[in-house]
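Everything below concerns the one structure shown next.
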Amino acid sequence: MEQNQQQPAATMKDVAEKAGVSTATVSRALMNPEKVSAATRQKVEQAVIAVGYAPHGLTRNARRGETQTILVIVPDICDPFFSEIIRGVEVTAAQEGYLVLIGDCAHQNQQEKTFMNLMVTRQIDGMVLLGSQLPFDASLEEQRNLPPMVMANEFAPEMSLPTVHIDNLTAAFEAVNHLLQLGHKQIACIAGPETMPLCQYRLQGYVQAMRRSGLTVDPTYIVRGDFTFEAGVAAMNRLLALPQPPRALFCHSDIMALGAINQAKRMGLRVPEDLSVVGFDDIELSRYCEPPLTTVTQPRYQIGREAMLLLLAELQGKRVNNGSRLLDAELAIRGSTAPSKKREK
């Protein structure tokens with residue numbers, strides 16, 4: 001197939017030479033991956049990226065929009081937080097005639113080969129990452145030969161990807177500050193996984209707010225969870241077992257906050273009279289629980305929309321590399337927080 005003049009398209013022969021295998025093996029590895037060994041498949045996949053090979057002569061320099069398909073990688077499809085972001089991506093994509101595929105990263109091991117195959121065989125035009133991890137291993141060098149990628153919701157500067165996100169540190173600081181202004185001093189934090197950049201920022205916001213008020217950060221008051229209801233329940237149990245249980249709680253997600261509230265009530269505590277709770281995200285459920293949850297409202301639909309607009313700009317050949325769009329978050333104060341009943345020591 002004729003390729004534009006500047007650069008001849010990489011061929012299957014180039015891939016075979018790079019990988020040190022026959023062209024037949026390359027063909028098998030791409031079309032029937034189960035028929036070759038994992039080691040051979042990996043060699044071929046790395047060679048495909050290295051030489052920039054795309055079947056039918058489709059390369060980064062070729063005309064875009066051949067597949068009109070976008071892949072959205074979701075850290076966990078079961079987490080309701082992502083639904084509005086996906087809707088933002090999808091509505092914006094549909095307006096431009098793009099189809100959206102969704103890949104769930106929670107069960108990544110089985111999916112990794114599929115994602116890689118979609119990328120290297122150019123069955124998708126671009127990718128929106130809703131977490132901070134690529135769904136397969138690729139060095140920065142290798143990423144240059146992949147279709148365009150945009151990160152939404154997370155912020156990981158070392159990945160050098162265009163990004164749409166909120167200021168997690170400031171949002172967390174303001175959430176904890178709200179509890180401090182209500183007179184609370186014994187404030188615990190149910191944090192998310194250490195590996196996620198947004199959790200690092202939210203934890204820094206908690207620590208900075210406490211220190212700004214002259215309070216010591218008690219390490220036993222920081223419990224980590226994995227953004228599930230169960231994690232909120234387990235964290236609440238640990239905190240209530242402490243010699244001096246907290247009187248207020250800042251959670252890195254609404255889901256964990258709701259799990260914690262549920263467990264606190266089971267243990268005979270009243271919210272907010274005995275325990276004030278602040279969440280993060282403002283998922284729909286947080287408005288309808290009892291009491292309604294004070295939480296950080298993220299513009300989730302807008303995050304998805306802006307991410308897709310960034311990706312469309314990339315697909316049209318505009319340079320948006322390292323472009324970062326910061327959207328506003330605000331604290332929604334509801335019934336789960338109340339003034340501290342008595343002066344805490």
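The values are calculated or read from the model by the stated rules, or taken from the named source; none is laboratory data. In this text, all values refer to a predicted model and were calculated from it rather than measured experimentally. Backbone-built Cβ (ideal geometry, glycine too); neighbour counts: all protein chains shown. We work out accessible area using only protein heavy atoms, side chains counted, and drop any ligands, DNA or RNA first. Shrake-Rupley method; radii C 1.70, N 1.55, O 1.52, S 1.80 Å.
Conditions tested, residue by residue: (1) modelled with pLDDT under 80; (2) more than 37 Å from the chain's Cα centre (by Cα); (3) in a helix (DSSP H, G or I); (4) at negative phi.
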position	(1), (2), (3), (4)
GLN7	yes, no, no, yes
ASP14	no, no, yes, yes
ARG28	yes, no, yes, yes
GLU34	yes, no, yes, yes
The range 279-294 residues that are on the phi > 0 side of the Ramachandran plot, paired with ones that are not hydrophobic (A, V, I, L, M, F, W, C) (beta carbon under 7 Å, 6 or more apart): ASP281/SER253; ASP281/ASP254; ASP281/THR295; ASP281/GLN298; ASP282/ASP254; ASP282/THR295; ASP282/THR297; ASP282/GLN298
Only one residue in VAL217, VAL233 is without any contact (Cβ under 8 Å) to a residue 24 or more places away in the chain and surrounded by fewer than 24 Cβ atoms within 10 Å (Cβ to Cβ). Which one? VAL217
Given the conditions (1) open to solvent by less than 10 Å² (accessible area, probe 1.4 Å); (2) over 15 Å from GLN186 (Cα atoms), and given that ALA209 satisfies all but one, which numbered condition is not satisfied? (2)
Is there a residue being more than 23 Å from ASP79 (Cβ to Cβ) and part of a helix (DSSP H, G or I) anywhere in the range 238-246? yes
Those residues of the range 46-70 which are open to solvent by less than 30 Å² (accessible area, probe 1.4 Å) and either basic (Lys, Arg) or at pLDDT below 90 (or both), in sequence order: ALA47, VAL48, ILE49, GLY52, TYR53, ALA54, PRO55, GLY57, THR59, ALA62, GLY65
Scanning the range 171-196 residue by residue, those within 18 Å of the chain's Cα centre (by Cα) and open to solvent by 20 Å² or more (accessible area, probe 1.4 Å) turn out to be PRO193, GLU194, THR195, MET196
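I'd like to check which strands (runs of 3 or more DSSP E) are fully inside the range 253-345 and have at least 3 residues that are crowded, with 23+ Cβ neighbours inside 10 Å and in contact with a helix residue (DSSP H, G or I) (Cβ under 9 Å, 6 or more places away or on another chain).
By residue number, 276-281, 294-297.
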